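The values are calculated or read from the model by the stated rules, or taken from the named source; none is laboratory data. The structure presented is a predicted model; accordingly, all values stated were derived computationally and were not measured. A quick note on method: Cβ atoms are made from the backbone with ideal geometry, for glycine too, and the neighbour counts reach across all protein chains shown.
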Amino acid sequence: MPKLVFLATDLVLFLLLAGVAFYAWHATRTPTLRQTWRSVLHDATAMSAAVVLTVFLLLAVLDSVHYRPLLAPAEGAAADAAPAYSTKTLSLLDALLSGPRESREKTYSIPLGTHQFSKESMLVDGKSIRDFPRLKFGGAGLQNPQTDWAPDVISRSVTGLLGGALAAAALWWAVALIRAKSLAVPVGNSLRLIWRCQTDVPWRAILLTASVLLLIGGWIAALWPHYHVLGTDQTGNDILFNAIKSIRTAVVIGSFATLATLPFAIGFGLAAGYYKGRVDDVIQYIYTVLSSIPSVLLIAAFVLMIQVFIDKSPNLFETGLERADIRLFLLSGILGITGWAGLARLLRAETLKLTELDYVQAARAFGVSDFGIMRRHILPNVMHVVLIVAVLEFSGLVLYEAVLSYVGVGVDPSTNSFGTMINSARSELSRDPTVWWNLLAAFGFMVTFVLSMQLFASAVREAFDPRARAFRPQRKMPSQSKLAITAREQGR
């Protein structure tokens, strides 16, 4: 049995997932929250973005289950000898993608290439020539790459796309079948309702997004075992594998940094708005001073201090991965601790308004303690602001990590991240010819992730912000009984 390894960021990520699950359970039992989230579920754009975010989150979770493989017993070792484990820590994602992870080339290669990107001196028939050497793994099964490459890529692409299309068709049929049983109508009528958007949930948008992802996944699954789909970097590592591994870093940075922001923002914001006077002046002075310091310089100073501590305490970490992980963990905390000022200002303003309302004044008159008033009457009424800002700040923190890693004060260089990939692409863009695929992969994955989060956050803001909800046209969703009647009428 392998030895499970629990990194700091793994524990944080699983605790956050547990917190999200608990909040979802609480929302289903609270009528107001259930009604508000139902408006998010009815937003086609938000649900399409949620499908993409679910895929990213699933990859991050698979990359957060770490273990150290069990080594084979040494020759002649006693039967009751203690098991020995590898010093290399892997994840479930590493095990699933063991082929691309281990197919390391010598240096750069273009996407779907069969030869190295740069020339080398080689001996051919006893003569030294300079040419592009064949890759060790990319297109290794081709006898003659010049004539066999195009037919092989086309045939594998067609096979992968057909597999993705079949999986998408099965998904459409499964959803239509489940809905047909719930509505007691034929499957064809259920499919027709889904396609015409006559459903309580925008299933057409969800299924179309999932179909696109399945087509892309099928194409990659057909080509990846035989080619480097997005090429390789300077050290020969697969770019697509590096980009997928960077997803976990983005999720950890965005989620943990947002979580670290909330205690400071909520505590200082509510205290400033409730007590006013000198307490308000002191708290305003603190976050005004914090906002006056350039955030990049402040974070860089903290990161350098952390690096000094890590370098002087090598005995605290068994492997290099644990050393890099603690830096990622502390960087996320620093981003949260230094970024609470904006939310604190908003909560202070909301608390100033709430303290003047009648029910708060009545609670004071009945002798309720200050902490009881803030906990029972103020905090629940500002949570919509906290939720909106937290979801919006998530994508901003992902971009912030990319900027910090680009200037060299972000995550550990051995940690896969979009910022590290972009940082390494600086010198690649100045080459002749240009190595463009590393930057393109990091940019494409990061933009997809951030854009999906922004679209989902926009729907959350419209659902929880009363002012945005007041000017948004309300969409009346049909009930289950009306859907069933419509489906039966269309079947006649």
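Scan the range 115-140 for residues that are in a strand (DSSP E or B), more than 22 Å from Pro151 (Cβ to Cβ) and of a type outside the set (Asp, Glu) and the total you get is 8.
All of Pro73, Pro133, Pro151, Pro69 fail the test of being closer than 30 Å to Ala18 by Cβ and not hydrophobic (A, V, I, L, M, F, W, C), apart from Pro69. Close Cβ contacts (under 8 Å, 6 or more residues apart or on different chains) running from residues in the range 32-46 that are touching a residue at least 12 places away in the same chain (Cβ under 8 Å) and under 21 Å from Leu208 (Cβ atoms) to residues that are polar (S, T, N, Q) and surrounded by 17 or more Cβ atoms within 10 Å (Cβ to Cβ) comprise Thr45/Ser458; Ala46/Ser458. Among residues of the range 385-423 being within 18 Å of the chain's Cα centre (by Cα) and among the charged types (D, E, K, R), the one that is farthest from Met446 (Cα to Cα) is Glu393. Exactly one residue among Gly273, Gly231, Gly277 is buried (at least 21 other Cβ atoms within 10 Å of the Cβ) and over 30 Å from Gly113 (Cβ atoms), and that residue is Gly273. If you filter the range 354-363 down to residues that are loosely packed, with under 14 Cβ neighbours inside 10 Å and in a helix (DSSP H, G or I), you find that the one that is nearest to the chain's Cα centre (by Cα) is Tyr359.
Scanning the range 142-156 for residues that are in contact with a Gly (Cβ under 9 Å, 6 or more places away or on another chain), touching a residue at least 12 places away in the same chain (Cβ under 8 Å) and not in a helix (DSSP H, G or I) turns up nothing. Checked against the criterion of being at pLDDT 90 or above and part of a helix (DSSP H, G or I), the candidates Val282, Val303 yield just one match: Val282. For the range 113-134, the criterion of being closer than 18 Å to Glu428 by Cβ, polar (S, T, N, Q) and under 33 Å from the mean Cα position of the chain (by Cα) is met by at least one residue. Among the conditions (1) part of a helix (DSSP H, G or I); (2) surrounded by fewer than 17 Cβ atoms within 10 Å (Cβ to Cβ), Met1 misses just one, which is (1). Of the residues making up the range 78-101, just one is closer than 22 Å to Val153 by Cβ and exposed (fewer than 15 other Cβ atoms within 10 Å of the Cβ), namely Gly99. What residue, of Leu290, Leu270, Leu230, is in a loop (DSSP other than H, G, I, E, B) and either hydrophobic (A, V, I, L, M, F, W, C) or without any contact (Cβ under 8 Å) to a residue 24 or more places away in the chain (or both)? Only one candidate passes the filter, namely Leu230. Taking the range 125-140 as the range and being out of contact with any strand residue (DSSP E or B) (no Cβ under 8 Å at 6 or more places or on another chain) and without any contact (Cβ under 8 Å) to a residue 12 or more places away in the chain as the test, the residues that pass are Asp125, Gly126, Lys127. Val407 - would you say it is within 23 Å of Ser295 (Cα to Cα), surrounded by fewer than 18 Cβ atoms within 10 Å (Cβ to Cβ) and either in contact (Cβ under 8 Å) with a residue 12 or more places away in the chain or in the same structural domain as Gly254 (by TED's automatic domain parsing) (or both)? For Val407, the condition - within 23 Å of Ser295 (Cα to Cα), surrounded by fewer than 18 Cβ atoms within 10 Å (Cβ to Cβ) and either in contact (Cβ under 8 Å) with a residue 12 or more places away in the chain or in the same structural domain as Gly254 (by TED's automatic domain parsing) (or both) - is met.
Report whether or not Gly333 is surrounded by 14 or more Cβ atoms within 10 Å (Cβ to Cβ) and under 30 Å from Val447 (Cα atoms). The answer is yes for Gly333.
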